[in-house]
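Undergrad: One structure, pasted below without further comment.
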Amino acid sequence: MTTPEVKSIDKEKIKDILNDKKGKMKLSLFVCAHCGLCAESCPLYRAHDRNPEYMPSYKVINSLGKLYKKIKKLDRNFLEEIKELIWKNCVLCGRCYCPLGIDIPSMIALARGVCRSQGISGVYPHSLGAPEEDFPEALSHIGVSEKE
C-alpha cells in the first residue's frame, strides 16, 4: 500500500511574502496584549456563542503568528490546518477593532496570501464544506441579507 503523495511547499516564496510585511507583522504580533477587546467587535465571534476560535486576535496569532514562528518547519499540513481559521472563521468584514491599532484584517489577509501562494484557498463558507443552507445565516451575521 502506498501513501498519498503530499505536494511540497515553496518555503522561499513564503519567506518572501512574509519578509515583504515583516515589520508590520512582527510589530502586530509583539504588540497584541491578548486583551480580547477585538472579539466584541467581531460579528462571527458573537454569532458563535463567543467561541475563542472566532476571536480576531486568536485568528491572527494562530495563523500568521504560527506561520512566522514555524517558517523553518512549515509544511503543507499546517497550511491546510489554518485554512478554516482564516477563511471560515473570518470574512474580512473589517469590523474588528484593536485598541492598540493592530490592523487585524491585513494580518489575516497576509496569512491568506501565504496559503494562496501554495495553492491552498477557501471561500467562506462553501469551499470548506458548509452546507448551502448555512450560507444565508452566515451572511446575516455580518449584516448582508439573502437578497444581496
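Quick note: the coordinates plus some simple rules give every number you see, no bench work behind them. Keep in mind that what you see is a predicted model, and the values were worked out from it rather than measured. Every residue, glycine as well, gets a Cβ built from its backbone with ideal geometry; the counts of neighbours run over all protein chains shown.
Undergrad: What is the local net charge at Leu27, summed over the other residues whose Cβ is closer than 11 Å to its Cβ (Lys, Arg +1; Asp, Glu -1)?
TA: +3
Undergrad: May I ask you to list the trypsin sites (Lys or Arg not before Pro) in the range 17-110 that are in a DSSP loop and have at most 15 other Cβ atoms within 10 Å of their Cβ?
TA: Arg50, Lys70, Lys72, Lys73
Undergrad: Can you return the lysines within cross-link range of Lys73? Criterion is Cα-Cα under 24 Å, with same-chain partners fewer than 8 residues away left out.
TA: In chain and number order, the partners are Lys7, Lys11, Lys13, Lys15, Lys21, Lys22, Lys24, Lys26, Lys59, Lys83.
Undergrad: A follow-up question, please. Restricting things to alpha carbons, find the Rg to Rh ratio for the range 11-140 using the Kirkwood radius for Rh.
TA: Using only Cα positions, Rg/Rh for the range 11-140 is 0.96.
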